[in-house]
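Have a look at the structure below, then the notes.
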Amino acid sequence: MPESYCCCFDVLLGFSLGLTLISFRAYRDSGTDRLKYAFVGFASISMGVAVTSLTTQLLFAARDPTDGLFIGLQVAGATLFCVGFGELYYSLYR
């Protein structure tokens, strides 16, 4: 069961990195502020997915998990998600 969770997070990480790459290429080609904020948003979301995936894999692999470490990593991942979606919102409604 844990392997399927890790595989799902890895697929999500691949998709988010793909969106980040596409948004970076669009920003590089046109250079508008909207695409810059969209790129930063997708990059933050990708980092949030990476932190969440890392946390999940560490939690399943740990025999005696330290609660403080995992709570800190979950807070970091959630913060990156919030910043990323905020940047996307800002890029759409600027």
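Given the structure, is L35 among the hydrophobic types (A, V, I, L, M, F, W, C), in contact (Cβ under 8 Å) with a residue 12 or more places away in the chain and over 22 Å from V75 (Cα atoms)? Considered against the rule, which asks whether it is among the hydrophobic types (A, V, I, L, M, F, W, C), in contact (Cβ under 8 Å) with a residue 12 or more places away in the chain and over 22 Å from V75 (Cα atoms), L35 comes out as yes. Scanning region 38-82 for residues that are touching a residue at least 40 places away in the same chain (Cβ under 8 Å) and touching a Ser or Thr at 6+ places or on another chain (Cβ under 8 Å) gives A38, G41, F42, A43, I45, V49.
Read-outs throughout are calculated quantities, based only on the coordinates presented, and are distinct from any laboratory measurement. None of the values given here were measured: they were computed from a predicted structure. As a convention, Cβ positions derive from the backbone with ideal geometry for all residues, glycine included, and neighbour counts pool all protein chains shown.
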